[in-house]
Amino acid sequence: MRTAFWILAGAFALAPVLLLVLTRAADLSKGLGLVLGAAVLVTLSVRAATMRVVLLEDRLIVRGVLQTRTIDRTAVLGVSRRRWLEWADAAGRHLTPLPVLWTFGPVPAVFQRHVDAAARAIEGWILRVE
């Protein structure tokens, strides 16, 4: 979240300068839309590049494109065939996407092996007995 904040803060700090350079007074709203759109694209690009699953001793952290979720180890039930994390709490059962493990279409075998090994590592972490 800190990274996204600083990227957006930088974009908003540069916005007035960019507006003066890129637009005329009549096109101000169009220029503002371009600057805000660029800030959103940069933020999503950084988040997408830093997606990950972190396995800690007592919890798991899933950093996705739009949110980061921390789940206690005792709540985790497993990883579905489609690479979603299944977990439960007092509110019921939940599914959290693991987009970092998703593949679409044909991918190189080495990449598929890496993704499969990462899914097995998560499953091993879930099954590990203290």
### Task
Can you tell me which residue among A109, A119 is touching a helix residue (DSSP H, G or I) at 6+ places or on another chain (Cβ under 8 Å), farther than 14 Å from D72 by Cα and either surrounded by 11 or more Cβ atoms within 10 Å (Cβ to Cβ) or at pLDDT 90 or above (or both)?
A119
### Query
Among (1) assigned by TED's automatic domain parsing to the domain that holds D116; (2) over 24 Å from R128 (Cβ atoms); (3) at pLDDT below 90, where does D27 come up short?
(1)
### Task
Look at T3 and say whether it is under 14 Å from the mean Cα position of the chain (by Cα) and at pLDDT 80 or above.
no
### Selection within the range 35-60 - aliphatic (A, V, I, L, M), more than 10 Å from the chain's Cα centre (by Cα) and assigned to a helix (DSSP H, G or I)
V35, L36, A38, A39, V40, L41, V42
### Task
Identify all residues within the range 70-80 that are under 13 Å from P99 (Cα atoms) and surrounded by fewer than 16 Cβ atoms within 10 Å (Cβ to Cβ); write none if there are none.
S80
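The values are calculated or read from the model by the stated rules, or taken from the named source; none is laboratory data. As the structure is a prediction and not an experimental result, all values here were calculated from the model. We place every Cβ from the backbone using ideal geometry, glycine too, and count neighbours over all the protein chains shown.
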